[in-house]
1. If we keep just the residues of region 187-211 that are without any contact (Cβ under 8 Å) to a residue 24 or more places away in the chain, more than 30 Å from residue 149 (Cβ to Cβ) and not acidic (Asp, Glu), which is surrounded by the fewest Cβ atoms within 10 Å (Cβ to Cβ)?
2. Taking only pairs six or more apart or across chains, which ones have beta-carbon atoms under 8 Å, a first residue in region 102-130 that is modelled with pLDDT under 90, and a second residue that is of a type outside the set (Lys, Arg) and surrounded by fewer than 13 Cβ atoms within 10 Å (Cβ to Cβ)?
3. Can you report the number of residues in region 199-255 which are of a type in the set (Asp, Glu) and closer than 23 Å to residue 284 by Cα?
4. What is the number of the single condition among (1) over 18 Å from the mean Cα position of the chain (by Cα); (2) touching a residue at least 12 places away in the same chain (Cβ under 8 Å); (3) under 27 Å from residue 256 (Cα atoms) that residue 184 does not meet?
5. Taking region 111-163, which residues are crowded, with 24+ Cβ neighbours inside 10 Å and outside any helix (DSSP H, G or I)?
6. Residues being in contact with a strand residue (DSSP E or B) (Cβ under 8 Å, 6 or more places away or on another chain), in a loop (DSSP other than H, G, I, E, B) and among the hydrophobic types (A, V, I, L, M, F, W, C): count how many of those fall in region 199-239.
7. Where the second residue is of a type outside the set (A, V, I, L, M) and modelled with pLDDT of 85 or more and the first is over 14 Å from residue 198 (Cβ atoms) and lies in region 273-290, which pairs have Cβ atoms under 8 Å and are six or more apart or on separate chains?
8. How about region 46-76: which of its residues are modelled with pLDDT of 95 or more and either aromatic (Phe, Trp, Tyr) or closer than 14 Å to residue 24 by Cα (or both)?
Amino acid sequence: MERQDRPAGTDRVRSSDVDTRAVIVGIDVGGTSDNVTVLAHDGTFLIDRLLEVPSRVLDGPAGALAALRQAYESALDATGRSHDEVLAVGLDTPGPAGATGILSKKGSTNFSGPEWWGYDIRGALEHELGRPVVYSNDGNAAAMYAHYAHFGAVAIDRSSVSAIVGTGLGGGVIHDGRIVVGAAGMGGELGHVHIPAAGIVEADQPVPVCACGFVSDAESYASLTGIKNHLLPYWLSKYPDHPLHGVDPSAAAKQVRGLAERDHDPMSLAIFEQQAKALGHLFTVAANFTDPTRSSWVAAWSRPTRGSAPGSSTPFGHTPRCAPSRPSAPSSRWCRTSTWRGRGAPPSRRCARSAEPVRRGHGPTGTGAGQPWTWAR
């Protein structure tokens, strides 16, 4: 594996050049919106709300770059800062993409048009704005947020593995406070790790198949897509009078979380029970290749918009009442020990912190969106 010692785009910037007025702009590119924030020299976020503009990715690179400029200028206007005070820009996008911001030549969900295939989005934005641009895929950036939010000042001396649950299942591996990007930028792609179906599926339940073609990988269970395509259809067959019958599958999948959280709906809880078991199996695999003998498990759930987020930390030797004594025993009940704390972070914060090595002289940091479940030592 390769560690990201210097993020793409930071070659021309040194921490000694930074003054106290310098800021970093972070932009998170999504399928519908660009979310943006500003980070001050002392690590303070200068925007405390969700600030976003339409991403225009369906309009191709020209439209998307115009939207990125609009997001950038909106952030500066909101904070009263000037272009000259911007030290660098942190950018993240959904994958697949290389470590330097070149999008997949095979396309992706958010960059589906042929004009996007093999497109250097980092380099294009750097040329558009005239400022260094640091790139990370959104899974790695979210993993960085989970890592630094938990470890704080000692983050550069710690390692962690995160799974980011959303439409799909992303992930990230952080070592000594830096992203492990891999030879082609695909490090930490935990969604397509095979996990055993035994102990997750019911006796009469079909084993799920991921859109990538893998049978029983983590994403086929622990993702919104997994709910829609596999878990929800099965469990609806067990609850013939459930109100989600007849609801559009995409809309129904999104309603499962609210039903479980708000109404303690038995069917929805059964779905999350299976997702939690899948995550337990996934982290067993992660624990086996990262050697967690002197480690902690951390569960954090951040939202891309404002609001509370659940999270908990479970060190060895201080195990919750219903949890296994070691992470090698997957259990959905462990995942339920989470308690509400803190506030969610806009996804742009992850890419703003991705540019922080520009001034700190160490690996990039970040903030998360989606639902990062983190193992850390």
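1. The extreme case among them is 203.
2. 107/114
3. Applying the first criterion (of a type in the set (Asp, Glu)) to region 199-255 yields 202, 204, 217, 219, 241, 248.
Keeping just the survivors that are closer than 23 Å to residue 284 by Cα gives 202, 217, 219.
Final tally of qualifying residues: 3.
4. Only one criterion is unmet by residue 184, namely (3).
5. Within region 111-163, 111, 133, 134, 135, 136, 137, 160, 161, 162, 163 qualify.
6. 4
7. Taking only residues 6 or more apart or on different chains, the pairs are 275/221; 275/226; 290/159.
8. The answer is 71, 72, 73, 74, 75, 76.
The values are calculated or read from the model by the stated rules, or taken from the named source; none is laboratory data. Worth saying up front: this structure is predicted, and the values here are computed from it rather than measured. Methodologically, a virtual Cβ is constructed for each residue, glycine included, from the backbone with ideal geometry; neighbour enumeration extends over all protein chains shown.
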